[in-house]
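Notes follow the structure.
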Amino acid sequence: MPFQIYPLLAFALSAAVVLVATPIVKRIGLHSGRVDMPGGRKVHQVPMVRLGGVSIFLGTVVALLVVWNTGGFVDAQGQQLMNEPELEIWGVTLGGLAFFLIGLLDDLFGLSAVSRLLMQATVAAVTWHVGVDIAFVSLPGLGIVQLADWVSLPVTVIWLVGMANAINWIDGLDGLA
């Protein structure tokens, strides 16, 4: 299969899984009482299910696994990734699973902000350790600048934790994330 097809395949698969899973997850959330009630500073007028991340995660994992198993991950030269680089794919997959589980625990049990942040930072640091890192940045006027490990680690952790929380922060309206 031509490698240009894989992004389209990933999008189509993830969209299909999310479209099928969302009503099921919504029904389960309403039935189990896992909802965010209106009031205070909240925008919604009716209870909102707090488990929407489940559908997004399922779509992402299905697309990732199908593309991975059909040989869709390639390096910069267009060669299929094998052996050692797969550790980075496992880092992304298991790190994503860990971030998802932290969010799910928060939805189910209401974790404190500090405990959630500490867990996310730990997961991000472990993910960095297996090779999922920000190793360079492109700076105007300087071009590409390689980052030393002591700079790469905090930049990677801040980025991963920041992106996870950005999705959490925008998820205040039904279906927004």
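Near VAL74, the amide H atoms lying under 5 Å from its own belong to LEU81; only residues 5 or more places off or on other chains count, and H is placed 1.01 Å from N.
Less than 5 angstrom separates the built amide H of ASP36 from those of MET48, VAL49, ARG50, all sequence-distant by 5 or more or on a different chain.
What part of the accessible area of the chain, given as a whole %, is carbon or sulfur when the probe is 1.4 angstrom? Of all accessible area on the chain, carbon and sulfur atoms account for 71 percent. Over the stretch 1-72, what is the relative contact order in percent, taking alpha-carbon pairs closer than 8 angstrom and at least six residues apart? Computed over the stretch 1-72, the figure is 44 percent.
Can you tell me, using C-alpha contacts under 8 Å and at least 6 residues apart, the relative contact order of the stretch 109-161 as a whole percent? Before the final figure, lay out each step's value.
Working: 41 pairs, mean separation 20.6, N = 53.
Relative contact order comes out at 39 percent.
Between 0 and 90 degrees, the angle of helix 86-109 with respect to the longest Cα principal axis of the chain falls at about 20 degrees. Can you tell me, using C-alpha contacts under 8 Å and at least 6 residues apart, the relative contact order of the stretch 25-139 as a whole percent? Relative contact order of the stretch 25-139: 22 percent.
From the square roots a ≥ b ≥ c of the eigenvalues of the alpha-carbon gyration tensor of the stretch 16-149, which class results: rounded (a/c under 1.5), prolate (a/b over b/c), or oblate? The shape class here is prolate. Accessible area per residue for the stretch 89-165 is 59 Å², calculated with a 1.4 Å probe on protein heavy atoms, without ligands, DNA or RNA.
The values are calculated or read from the model by the stated rules, or taken from the named source; none is laboratory data. What you see is a predicted model, and the numbers here were worked out from it, not measured in a lab. Remember, those area values only see protein heavy atoms, side chains included, never the ligands or the DNA or RNA. Shrake-Rupley method; radii C 1.70, N 1.55, O 1.52, S 1.80 Å.
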